[in-house]
Amino acid sequence: MYAIQIDCLTKRYPHKTKNAVDQLSFSVHQGEFFGLLGPNGAGKSTTLNLISQLIHKDSGRILIHGIDTDTDAFHTKRSLGIVPQEFNFPIFDKVEDIILNQGGYYGFTHRELKNHCQYLLERLDLWKQRHDQARTLSGGMKRRLMVARALIHQPQILILDEPTAGVDVELRRGMWEFLKEINQQGITIILTSHYLEEVELLCQRIGMIDGGRLIKQHSVRDFIELAEQQVFIIELAEPFDNHINLTDLNVISIDSQTLSFTKKQGQTLESFFVALYEAGAKISSVKPENNRLESLFIAITNKGAKNV
Ligand SMILES: Nc1ncnc2c1ncn2[C@@H]1O[C@H](COP(=O)(O)OP(=O)(O)OP(=O)(O)O)[C@@H](O)[C@H]1O
Ligand SMILES: [Mg+2]
């Protein structure tokens, strides 16, 4: 059973020439922790906002636990807890009221809501601030407030758009522990993130998008392996001629005198140098590139998936 199924989802914002989300299809299993990754502007937030019904799609289908969001809006609302990328609570309201007001729509008794609210505030380190106006909270506290608010009606699916942006390192770890815990209790989680460490620690599967399209889907283990491949930038003494077969060598040309070489597991640098030498290339310098998440995006999205 899928928690979320997306089928050919498309969205174009007014006055834009390109689709922000373009024929996007993917599914998230029930109980899964799924990461949606991609560079700035890839369409991650748009995708999550479409699932969350915060914006309207142009075409395609979204199913939540097999039910079309177009046919049962309340089921969608009841099933989803949403933490958007931008803060969107009334800043003059008190922390506790923001959470309780959200919970009020779902038929819980006041006592049930109060108890659950206390649990969430304590668990997310906001109990001391419960009577403070939301505008007085730090950025990290505001983000945690949105997580507490998203969970007050005990949804089965949590949608998190960069949940730890602006949260300091220590509190970020606390947030990770909390998210892991609620995922283990059975809540399906889909998140976007720019932190490789976060994805590595939390997600079971990732989907990578760019230009509103799905570029790749991986188990997180395969993805981390990709991210840990070593990439070297090779400067040549002279512009290389077209006789060097770049694809066979696993090389991408950045310009006529600069190459990028991705060293796969089991491959040696020596064999690569020999092959380049035999092809007639004269190397003037070699330096390693730090190939973590952002450079992996660049490798996949700008230079062709087949080279990664
Ligand atoms: N409200 C809007 N009106 C018009 N265009 C928008 C709007 N929101 C997003 N876009 C455009 O849609 C595209 C996708 O944006 P989106 O916010 O979904 O990207 P993202 O992957 O979440 O990026 P980031 O990592 O920066 O949060 C971008 O080209 C962006 O400029
Ligand atoms: Mg975004």
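Annotations
Residue by residue, here is whether (1) within 13 Å of ligand 1 (Cβ to nearest atom); (2) farther than 18 Å from Gln204 by Cα; (3) in the same structural domain as Ile206 (by TED's automatic domain parsing) holds:
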residue: Ile6; (1), (2), (3): no, yes, yes
residue: Thr10; (1), (2), (3): yes, yes, yes
residue: Pro14; (1), (2), (3): yes, yes, yes
residue: Ala20; (1), (2), (3): yes, yes, yes
residue: Gln30; (1), (2), (3): no, no, yes
residue: Gly35; (1), (2), (3): yes, no, yes
residue: Asn40; (1), (2), (3): yes, yes, yes
residue: Asn49; (1), (2), (3): yes, yes, yes
residue: Ile55; (1), (2), (3): yes, yes, yes
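- Residue check, Leu160 open to solvent by less than 40 Å² (accessible area, probe 1.4 Å), touching a strand residue (DSSP E or B) at 6+ places or on another chain (Cβ under 8 Å) and either assigned by TED's automatic domain parsing to the domain that holds Ile64 or more than 16 Å from ligand 2 (Cβ to nearest atom) (or both): yes
- Residue, farthest from ligand 2 (Cβ to nearest atom), within the stretch 34-49, restricted to residues that are aliphatic (A, V, I, L, M) and part of a strand (DSSP E or B): Leu37
- For the stretch 163-180, the set of residues classified as away from ligand 2 (no atom under 16 Å from the Cβ) and either part of a helix (DSSP H, G or I) or in contact (Cβ under 8 Å) with a residue 40 or more places away in the chain (or both) consists of Val169, Glu170, Leu171, Arg172, Arg173, Gly174, Met175, Trp176, Glu177, Phe178, Leu179, Lys180, listed by residue number.
- Selection status of Thr17, surrounded by fewer than 18 Cβ atoms within 10 Å (Cβ to Cβ) and over 24 Å from the mean Cα position of the chain (by Cα): yes
- Among the residues of the stretch 20-31, none is identified as part of a loop (DSSP other than H, G, I, E, B), buried (at least 18 other Cβ atoms within 10 Å of the Cβ) and out of contact with any helix residue (DSSP H, G or I) (no Cβ under 7 Å at 6 or more places or on another chain).
- Gly31 vs. criteria closer than 30 Å to Val167 by Cβ and within 16 Å of ligand 2 (Cβ to nearest atom): no
- Some residue of the stretch 53-66 being open to solvent by 10 Å² or more (accessible area, probe 1.4 Å), charged (D, E, K, R) and either part of a helix (DSSP H, G or I) or within 16 Å of ligand 2 (Cβ to nearest atom) (or both): no
The values are calculated or read from the model by the stated rules, or taken from the named source; none is laboratory data. If you're wondering where the values come from, they're calculated on a predicted model, not measured in any experiment. Reconstructed Cβ throughout: ideal geometry from the backbone, glycine too, with neighbour counts over all protein chains shown. Just the protein is used for accessible areas: all its heavy atoms, side chains included, with ligands, DNA and RNA removed. Shrake-Rupley method; radii C 1.70, N 1.55, O 1.52, S 1.80 Å.
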